[in-house]
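Chemist: Questions regarding the structure given below will be posed in turn.
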Amino acid sequence: MYQNLAIVAAFVFFYSISSGRLEKTIFSGAIVYTFFGFLLGPIGLGLLDLNLGAEGLRLFAELSLALILFTDAANADLRELRSSFRIPQRLLLIGLPLTILFGFGLGLALFEGLGLVEIAIIATMLAPTDAALGKAVVTNQSVSGDIREGLNVESGLNDGICVPILLIFLAIATSASASGETSELALQLLSEAIGIGVAVGAGFTYVGLQLIRVAAGRGWLTESWLQLSVPALAVACFASAQVLGGSGFIACFVGGMLFGGLEEKNKNRLLLAAEGTGDTLSLCTWVIFGAIVVGHSFGAFTWQILAYSVLSLTVVRMVPVFLVLTGMGLRADEKLFAGWFGPRGLASIVFAVIVLDEHLRGSTTISITVATTIVLSIIFHGITANPLVALLAKRMARAK
């Protein structure tokens, strides 16, 4: 245990003092974290022996995603979002279902050994985009505001929307519902996930922010404890929504949006510790993913899995985005840019753990496909983020 702790702590320290330099290179944090975990894990040098299991990985991934969603939403430019809300609206209401449909069609062509429901599960697991991996794009001021905020809102909400869809397919796969009850179950799960998530996120954040203001005004809140208030609020939003049957991810995103809108003056100071905590948990998640999941995925690797992964990151994502953004006043290169930057990551890891717990017939193929897609995503999206942002900014400058 202490050897694992020493290695991970040393890595966090050295990465933290060089993060500013690494962010300017083609190597994103997720690439470095995952490679480190793989290199020192059981398949590599064998120095890291992380026996956390699926639940440990799920916990790290969920908490990381919860904090990142809350802070990213709080930092969103609401004025820019109000003028360009049609972009995330189309991406979520039309683009997301189309992405799942395209993924399902691709799975039918490639995975002969899987049933229809298992293929639908893969398509759903790989539909949501990762707010953390897309951070290099959505926080870069060189990207136009409508695309930046559109991608930010999309990544903040699509994982929460996919949760009830995934649960419906899992219920069908495990024969938990009769065929006549499927549509009713779908509406119930979707309404609960969104409704409870929105209510908990908005309610907890509003009350929490008022309490922070009262405590600060009366001198009850010290500077050190002030740093912990927002991370605790974000985790409370997530966990409470999950307990009540809603989507904790939607709760965190809605809570973050409300927090940023109500506390514009001091939000940067209040969010600093939450952002650092989210980054640290994200680092640990990717290290665990590299050490445990990546190495053990090689044994069941097939060309069908590789083909699905590559096409999932390109055609399955980019074609629906290009179609739904048509007529929005965007140039072709901007639509292609928005379609390409749909990285897969923490949400898909959480979904993979959920599916593995169900012990489905094709669980091995499902999990290896998801792991392969995530690995390719962190590599390709990581190394292309800065160069493509610079290229798009240059083309936009010429267009003006």
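Chemist: Starting from segment 242-270, keep only residues that are at positive phi, then list their pairs with residues that are modelled with pLDDT of 90 or more whose Cβ atoms are within a distance under 9 Å, requiring at least 6 positions of separation or different chains.
Modeler: Within 9 Å, the pairs are Gly245/Ile196.
Chemist: Among the residues of segment 143-163, what is the count of those that are assigned to a helix (DSSP H, G or I) and hydroxyl-bearing (Ser, Thr, Tyr)?
Modeler: Within segment 143-163, residues that are assigned to a helix (DSSP H, G or I) and hydroxyl-bearing (Ser, Thr, Tyr) number 1.
Chemist: So, restricting to helices (runs of 4 or more DSSP H) that lie completely within segment 1-119, which ones have at least 1 residues that are more than 29 Å from Thr365 (Cα to Cα), among the basic types (Lys, Arg) and free of Cβ contacts under 8 Å to residues at least 12 places away in the same chain? Let's see the steps before the verdict.
Modeler: Details: elements: 2-22, 29-40, 53-74, 78-83, 86-90, 96-110.
Fully inside segment 1-119 and qualifying: 2-22, 78-83.
Chemist: Taking the criterion of being closer than 23 Å to Leu151 by Cα and either surrounded by fewer than 17 Cβ atoms within 10 Å (Cβ to Cβ) or acidic (Asp, Glu) (or both), would at least one residue in segment 253-261 satisfy it?
Modeler: Applying the first criterion (closer than 23 Å to Leu151 by Cα) to segment 253-261 yields 253-261.
From what's left, either surrounded by fewer than 17 Cβ atoms within 10 Å (Cβ to Cβ) or acidic (Asp, Glu) (or both): 261.
Yes.
Chemist: How many residues, within segment 270-295, are buried (at least 23 other Cβ atoms within 10 Å of the Cβ), of a type outside the set (A, V, I, L, M, F, W, C) and closer than 16 Å to Leu228 by Cβ?
Modeler: 1
Chemist: Further, regarding this structure: Which one of these does Gly329 not meet: (1) of a type in the set (Gly, Ala, Ser); (2) without any contact (Cβ under 8 Å) to a residue 60 or more places away in the chain; (3) closer than 22 Å to Pro97 by Cβ?
Modeler: Looking at each condition in turn, Gly329 falls short on (3).
Chemist: So, of the residues in segment 234-274 that are part of a helix (DSSP H, G or I) and polar (S, T, N, Q), which turns out to be nearest to Tyr206 (Cα to Cα)? Quick ask: steps written out before the conclusion?
Modeler: Within segment 234-274, the first condition is being part of a helix (DSSP H, G or I), and the residues that meet it are 234-243, 248-262, 267-274.
From what is left, the residues that are polar (S, T, N, Q) are 240, 242, 268.
Values: Ser240: 15, Gln242: 19, Asn268: 17 Å.
The selected residue is Ser240.
Chemist: Let me ask something else. If you scan segment 314-366, which residues turn out to be among the charged types (D, E, K, R) and over 20 Å from Phe380 (Cα atoms)?
Modeler: Listed by number, the residues that qualify are Arg331, Asp357, Glu358, Arg361.
Chemist: Collect the residues in segment 2-18 that are over 20 Å from Phe289 (Cα atoms) and surrounded by 11 or more Cβ atoms within 10 Å (Cβ to Cβ), keeping them in residue-number order.
Modeler: Ser18
The values are calculated or read from the model by the stated rules, or taken from the named source; none is laboratory data. The model shown is predicted, which means the values in this text are computed figures rather than measured ones. Positions of Cβ are backbone-derived with ideal geometry, glycine not excepted, and every protein chain shown enters the neighbour counts.
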